[in-house]
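What follows is a short report on a single structure.
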Amino acid sequence: MTRGVPLAWLNLTHNLKQTGLSVAGIAFAVLLMFMETGFRNAMFDSQLLLINRLDADIFLISRAKSTLMFQQPFARHRLEQARAAPDVQWAEPIYVEHDAALWKNASDGSLHDIRAVAFEPERCVFIDVEICRQATRLTVLDNVLFDRQSKEFFGPRTAGTLTELSTRTVRIVGTFALGTDFTHDGSVIMSADTFFHVFPDRRVAERSPGRVELGAIKLVPGGSPQHAAARLRQLLPPDVEVLTKQEYRDKENAFLDASTPIGYVFNLGTIMGFFVGAIICYQILFTDITNQLPQFATLRAIGYSDRTVALIVLQQAVALSAISFVPGVIASRILYALIASLTGLPLEMSLLRGAWVLCLTTSMCAISGAIAVRKALALAPADLY
Amino acid sequence: MADPQPDRFEQTRTAGAAGAASVVSVKGVNYSFGTNESRKQTLFDNHLDLLPGEIAMMTGPSGSGKTTLLTLIGALRAMQDGSIIVLGHELSDRPPADLVAIRRRIGFIFQAHNLFEALTASLNVQVALKFSDLRQDERERQADRILTQLGLGHRVQYKPRALSGGERQRIAIARALVTRPKLILADEPTAALDQDSAREVIRLLRALAVEDRSSVLLVTHDNRVLESADRIVTLVDGRIVSDVVVQRQ
């Protein structure tokens, strides 16, 4: 700010119509970046929905398992070995079927791929009180809980609905809220007994030799996941991988980031938004400065250094980014809510993610401002005479 | 340009007579634009001294080099040949940062007002007080005081768009004078003003010259203000051809 005279701010705001247009332009870029980062984060977050809902501190997975999406079971008795480790309160198997699970719409009879998740209902492995409260109902064979955030095309989901899961008749005895991801349009939870009843092939493959998709380990209160995980790695053979909950999240994210183009595409979209915003911001500043070239030259003539003039332009750019960010956030939140309600994707704007886009917005305008500075210094003060 | 009224002036050569006490001392200044074949010399071996409290008006036909000399004295151009000492500082071979610092001690009045449309009259004037040590309320008071002196006391909160051309020019003049500089360089400051405003500007410059011993070097073709000059310097084809002290009868 010019000492005593808030020149940058007044330059930016004195023409409300022009300011409104400028803010709309930058806010549009903010919206673009929020949408792209939102979709990217939703992709990662949605893949972690199940892991995040499990009440476990440590997970056991097959060493060969790259991601939760791909089935790769490990020997069940590894969980029994894990139970013997210090600080382990319980270790429970989780069964997941992606490929063979077909849900029949009870209304129209259409069939749809669904994710089937199973656990031993005697020990609720979920964080959700809603699931645990209904877990006893799952002890009855062929009873299931249905994710009410699943896509509409799965049909009725009220308690009491009878339908088919992979040609076996099942009864919905309750619902829970999980949400969809990029590979699953819906989920259903059941007991291990129901799971093996519905998917008899899995009984042959898993129960007889004792194989399990995912192991959930809960530590005693106060137990350190890092220390416990380190001990389990020493205790268990290398055919299983021991991961804390955060390590498992990181592993899933790393897989999606490295092995799918989705992260790359959305990152590219964010970069595009950044450049669109930078161009809009530069155009706004360039026009404003061009209209005031003699004024900037006058400042330099009366003793303002080039650095001071540059600072005024940069302040104007940063102020523009700051006031544009607010409508950009509001518009993004509205769109997030709309898209989340339409798709079930977990589009969330956390403080950290908001700060990241604010950082991008500020950088975008600051870079534009730095380029526009050249224009502000283009007219030599001597040419004013 | 019409000649000043001969019965009111007595012409005397004074160039180079002022010595070390000069606010501006120009010695052997040459200046050229362009390079190689396109090089064109516009100033030739000029000498000029401006004393404290003196109002000197520079006249001459268009293209005679008045503005070039004014911008050299104002440290707005880099020197090429000769010497110019302004407010005790030699301008030759000075780094740009030094020239910026020297310019802060000079009041500049341009032909175009060059006001920021976003700022009120008062704020446009306060822009020149950035490098002063005054408190904010003192800056405001000082800006408003000089605007009042220039007949704009009722316009301090107006933005340039709401003001006439003459009023805008008076704001630009207030901006140059608000720091009470020891040297004021002006290019046709009264060209856009009516008779009364032009007289008020000259009266203010005169008051500054008397009270603060400020010197004024003013390029003008305005006969209305020429009669207020202490000296009249005439440039023709890049050379000062006359430098006369005006003694009032």
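The values are calculated or read from the model by the stated rules, or taken from the named source; none is laboratory data. Please read all numbers here as calculations on a predicted model, not as lab measurements. Neighbour counts are summed over all protein chains in view; Cβ atoms, including those assigned to glycine, are modelled from backbone coordinates with ideal geometry.
Condition check: more than 13 Å from every other protein chain (Cβ to nearest Cβ), surrounded by fewer than 17 Cβ atoms within 10 Å (Cβ to Cβ), modelled with pLDDT of 90 or more and at negative phi. Does A:I279 satisfy that? It is true that A:I279 is more than 13 Å from every other protein chain (Cβ to nearest Cβ), surrounded by fewer than 17 Cβ atoms within 10 Å (Cβ to Cβ), modelled with pLDDT of 90 or more and at negative phi. Quick check: anything in region B:161-178 of a type outside the set (A, V, I, L, M), surrounded by fewer than 23 Cβ atoms within 10 Å (Cβ to Cβ) and facing chain A (nearest Cβ under 10 Å)? The answer is yes; a qualifying residue exists.
Each residue in region B:59-79 was checked for being in contact with an Asp or Glu (Cβ under 9 Å, 6 or more places away or on another chain), in contact (Cβ under 8 Å) with a residue 60 or more places away in the chain and within 13 Å of another protein chain (Cβ to nearest Cβ), and 4 pass.
Quick one: which helices (runs of 4 or more DSSP H) sit completely within region B:158-249 and have at least 1 residues that are closer than 19 Å to B:D144 by Cβ?
Filter on region B:158-249 gives B:165-177, B:195-211.
Residue-by-condition table, conditions (1) touching a Gly at 6+ places or on another chain (Cβ under 8 Å); (2) of a type in the set (A, V, I, L, M); (3) within 13 Å of chain A (Cβ to nearest Cβ); (4) touching a residue at least 40 places away in the same chain (Cβ under 8 Å):
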| residue | (1), (2), (3), (4) |
| --- | --- |
| B:D81 | yes, no, no, yes |
| B:L99 | no, yes, yes, no |
| B:L115 | no, yes, yes, yes |
| B:L129 | yes, yes, yes, yes |
| B:R145 | no, no, no, no |
| B:T148 | no, no, no, no |
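Listed by first and then second residue, the pairs with beta-carbon distance under 8 Å, at least 6 apart or on different chains, first residue in region A:74-102 and farther than 26 Å from A:Q47 by Cα and aliphatic (A, V, I, L, M), second at pLDDT 90 or above and loosely packed, with under 14 Cβ neighbours inside 10 Å, are A:V88/A:V220.
Checking every residue in region A:6-26 against the condition of being polar (S, T, N, Q) and away from every other protein chain (no Cβ under 14 Å) gives zero matches. Against the test of being closer than 23 Å to A:V198 by Cα and modelled with pLDDT of 90 or more, the options A:W103, A:W90 yield a single qualifying residue, A:W103. Considering only residues that are in contact with a Phe, Trp or Tyr (Cβ under 8 Å, 6 or more places away or on another chain) and either more than 16 Å from A:K218 (Cα to Cα) or aliphatic (A, V, I, L, M) (or both), which ones fall in region A:114-134? Of everything in region A:114-134, those that are in contact with a Phe, Trp or Tyr (Cβ under 8 Å, 6 or more places away or on another chain) and either more than 16 Å from A:K218 (Cα to Cα) or aliphatic (A, V, I, L, M) (or both) turn out to be A:I114, A:A116, A:V117, A:A118, A:V125, A:E130, A:I131, A:Q134.
Screening A:A27, A:A64, A:A85 for residues that are at pLDDT below 85 and not aromatic (F, W, Y) leaves exactly one candidate, A:A64. In summary, strands (runs of 3 or more DSSP E) completely within region B:34-121 and bearing 1 or more residues that are over 17 Å from the mean Cα position of the chain (by Cα) and either crowded, with 18+ Cβ neighbours inside 10 Å or at pLDDT below 95 (or both) occur at B:40-50, B:81-86. Quick one: in region B:19-33, of everything that is part of a strand (DSSP E or B) and among the β-branched types (V, I, T), which residue is nearest to B:K182 (Cα to Cα)? That would be B:V24. Of the residues A:I289, A:I339, A:I330, the single one that is in a helix (DSSP H, G or I) and at pLDDT 95 or above is A:I330.
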